[in-house]
1. Check the straight Cα-Cα distances from Lys331 and name the lysines below 17 Å, setting aside those fewer than 8 residues away within the same chain.
2. Suppose every K and R has +1 on its Cβ and every D and E has -1 on its Cβ; what is the size of the dipole of segment 252-338 about the Cα centre, in Debye to the nearest 20?
3. In segment 189-252, which GluC sites (Glu not before Pro) fall in coil by DSSP and have 15 or fewer other Cβ atoms within 10 Å?
4. Hand me the trypsin sites (Lys or Arg not before Pro) from segment 244-307 located in a DSSP loop with no more than 10 other Cβ atoms within 10 Å, in residue order please.
5. Residue farthest toward the positive end of the dipole of segment 252-338, with Cβ of Lys/Arg at +1 and Asp/Glu at -1: which of Ile287, Thr259, Phe307?
6. Using Cα pairs closer than 8 Å and at least 6 residues apart in sequence, work out the relative contact order for segment 180-249, in percent.
7. Could you rank the peptides 105-112, 225-232, 202-209, 326-333 by their average count of other C-beta atoms within 10 Å per residue, with the highest value first?
8. Hey, which lysines would be in cross-link range of Lys217, C-alpha to C-alpha under 18 Å, not counting anything within fewer than 8 residues on its own chain?
Amino acid sequence: MQSLIQWWQSLYQAAAWEWISNIVIFMGMGVIVWVIWRVVMSRLKTLAERTQTRWDDVLWPAIDTPFSLFIWGWPVLHALEIFLDNTAGHLDLSWVSVIREVLIVFLLIWFLLRLVNSGEQLLFDEGRRDHTTINAIGNVLRSLAVCMGVITLLQSLGVSVSGLLTVGGMGGLIVGFAAKDLLSNFFGGVMIYFDRPFKVGDWIRSPDRNIEGSVEKIGIRMTVVRTFDLRPLYIPNSVFSNVVVENPSRMLNRRIYETIGLRYQDADKLGAVIDGVYAMLEAHSDIETRQTLIVNFNSFGPHSLDFFIYTFTKTVNWQRYHQVKQDVLLKVIKIIHQHGADIAFPTRTLHMDQSMIEQGAAAMRPSPEA
């Protein structure tokens, strides 16, 4: 304890406290700059809210916190350097300069990541662009920002980037073999972004695999599909390079294809029924008449005269499609009944020989002796 007191007294006599005024000046300037920055930011945010464009609403929140940290971090590091220079003797303080460089690079990366995230969220909220493309561009920009930041940090720390890249090139083959599945999933995701067989929100299914549901997320390594019973499927992106993917969400229309049977005793009314159904479909507001529309007698069934309806709805929405289909089928029933006909159901007619009937009746009569 006594030695500590002596050190402090010698420090007081040697330094004459001149360096303390420098620390106070640096910290005071930091406070003043921070106050000015808060006033300027509040004014800029107010002006941004009044403008029609929303991109300024993205810029200022992204830069606010990183720059505030820079305002406090820079004078604190200078004050720390002055303090150590006057109290620690001949201590090497080059590491303080390295920390300053690292701080600048870190804050710059942080600002870029916040800017990309805010811009991505803005485009999502607008809803005028494809979410898959926005997500892909955002991932690329974030990766570039992080890679550039890491390389700059390594240079600040004195690491030879050229040597590191040479070693990385030599080890690339080893990493490629070891991470073959990871790389195949990565490039599978890249092909999804470029080929765009589906996007987030699409309903997809694969006849080759038991995959059907709505796409929730397309990541770098895997795609998340939510099935219709709300189970999540986590599918590696490489799978989509080897399977057939059907995207019903991109249908232009939905098809109604139904076979209806009339009774054989209504054969004379079949033509009128078919004409009535055809006219009804042509006049239906939810039927796309520019697509194929067919109503024709098709076959002699086991118990009915079958005709079929082949047409397309204007809607592709699953629920709305079934409402339109129900309306069409109910109107078909009404048309059939209006013509005095009816829909057939499974029946069977049994023809028996008259002699066999008489023999059976004779066998059932009681004998005279009884």
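1. Those lysines meeting the cut-off are Lys269.
2. 300 debye
3. Passing both the DSSP loop test and the Cβ count: no residue.
4. Arg290
5. Value: Ile287.
6. This gives 36 percent for segment 180-249.
7. Ranking, from highest mean packing down: 105-112, 202-209, 326-333, 225-232.
8. Lys199
No lab work stands behind these numbers, since they all come straight from the coordinates. It should be emphasised that the depicted structure is a prediction, and the values quoted were computed from it without experimental measurement. Because the Cβ atoms are built from the backbone with ideal geometry, glycine has one as well, and the counts that use them run over all protein chains shown.
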